[in-house]
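Beneath this line is the structure, given in structure tokens, with notes to follow.
Nothing in this text is a laboratory measurement; each read-out follows from the coordinates by a stated rule. Worth saying up front: this structure is predicted, and the values here are computed from it rather than measured. Virtual Cβ from ideal backbone geometry, glycine too; neighbours counted across all protein chains shown.
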């Protein structure tokens, strides 16, 4: 059974298709048509809803915006599901709705419910957001009519002048209801929701053809874009061993089912150089569902995080319920959408060693849009120098340039032992990178563009990390 709160009403579902999405459930099953289908791929935000659940201490509710079109129904077990229809208090609009009206933030109205729900999730955060945080929160929502200025004005007005709403007033009641729902077993005959390592191994053994998923932001596209039916699914979201985050003596251990938005603060505290890459990883609603393990397991050649993990020498920790093993991520990808995972295995965690002293790390993503877009080229460089500026080690990761996420393995031998500040070192790296890959032509970029970009990003890295010797400025333009 899947049990959750739809607004303040308990819902119990004991039979449905395993691949039922929240969007279809709300529109077809509940008649809640405020949630729209636009792109059916998590790109436009018209389908945005909000999930509330108890925080790690059980003392308060956490609110997350999600794309309901790529979220399976299993994601709401033990949580509260809120749509645009639930925000008003009787005839009184919620402050974010009223602000949209006052700022004239809507014309045709198709996108408006999604914007409102993203703003509502931001409204419920403990800290008052600044303009940059507002832009990031709304980055997964598209509007074709109004333009973003009045919408952002509405978000600023409502989220920086917060007052208690009906949700904060009944928070303790909601927490009590959710605790009761979480005490019930989760799952359906065709939708298995194990909670620990042993249960997961048992589920895979009894259902060897069932597809495994965590955030479903990639797998759900087979349903919404390719119109496939997924008769049996195994959710990894509630497996305790996959939901841990640990700071060990030698590195970070991040559970494969931890959402990207939840692990972001920890990862950036050790690797702030990945800030832009994480900010541009899809959008906030996607990052609230998508996981590090899923981004690796799908073995996409254009996944955003594998290039970074390659450059950081990460280990992929896999398990089958009996035996655990560590696989260097440099060996994990064996071909297009293929990995070393055995059919009975799953990714338990990703281990990322701490960076070495005097290291220089940069991550670059080139795409047609600044936000919510797939990489044409992604490049991450990790360089270790001694006190004399001599290169001790170098690691790299690239996306969009081969059938798998890849490293430029010959780069190490070409530049180790050289003075990083010398132009001859740059030229040696350029010579290697100009012929390291054979990228393809596709709708995102031509092969020649990708090849040129690899070399240009190497030059950008060299210039930026040698700014004292080469005076340059970089500017990032944000919407104001």
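Starting from the Cα of residue 184, step 7 Å toward the Cβ, then list every residue of the stretch 61-86 with an amide N under 15 Å from that point. 74-81, by backbone N distance to the label point.
Is any residue of the stretch 92-134 close enough, with backbone N under 12 Å, to a label point placed 7 angstrom from the Cα of residue 144 along the Cα-Cβ axis, and if so, which? Counting backbone N atoms under 12 Å from the label point, the list is 108-111. Peptide packing: for 413-420, 302-309, the average count of neighbouring Cβ atoms within 10 Å per residue gives the ranking 302-309, 413-420, highest mean first. Within the stretch 322-480, the percentage of alpha carbon pairs spaced more than 21 angstrom apart rounds to 54%. Whole Å is fine, so just give me how far the alpha carbon centre of the stretch 272-296 lies from that of the stretch 131-162. Using only Cα atoms to place each centre, the spacing works out to 20 Å.
Angle of helix 447-465 to the longest C-alpha principal axis of the chain, folded into 0 to 90 degrees and rounded to 10: 80°. Does the stretch 1-41 come out rounded, prolate or oblate, given a ≥ b ≥ c as the square roots of the eigenvalues of its C-alpha gyration tensor, rounded meaning a/c under 1.5 and, failing that, prolate meaning a/b above b/c? Here the stretch 1-41 falls in the oblate category. Counting only DSSP H runs of at least 4 residues, each contributing -39500 (n - 2.57), and dividing by the residue count of the chain, the helix-based mean residue ellipticity at 222 nm comes to -8000 deg cm²/dmol. Extension gain, residue 419-residue 173: 0.36 nm per intervening residue step, less the Cα-Cα distance, totals 82.2 nm. For the pair residue 57 and residue 337, the difference between a 0.36 nm per residue extended length and the Cα-Cα distance amounts to 97.0 nm. Once the chain from residue 126 to residue 222 is taken as fully extended at 0.36 nm per residue, the excess over their C-alpha distance is 30.9 nm. Compared with the dominant Cα axis of the chain, that is its longest principal axis, helix 423-433 is turned about 60°. At a Förster radius of 41 Å, what calculated FRET efficiency corresponds to the Cβ-Cβ distance of residue 409 and residue 110, to the nearest 0.05? For R0 = 41 Å, the calculated efficiency reads 0.25.
For the chain, the longest principal axis of the C-alpha atoms and the axis of helix 148-159 are separated by about 70°. Relative to the 2.2 N^0.38 Å rule of thumb, the stretch 242-353 has a C-alpha radius of gyration ratio of 0.99.
Between residue 428 and residue 33, the distance separating the two model label sites (each 7 Å from Cα on the Cα→Cβ line) works out to 6.8 nm. Each semi-axis of the equivalent ellipsoid for the stretch 333-420 is √(5λ) with λ an eigenvalue of the Cα gyration tensor; in descending order they amount to 27, 19, 14 Å.
Tell me, what is the percent relative contact order of the chain, built from C-alpha pairs under 8 Å that lie six or more residues apart? Please list the in-between numbers first.
On the way: 974 pairs, mean separation 56.6, N = 480.
Contact order relative to length: 12 percent.
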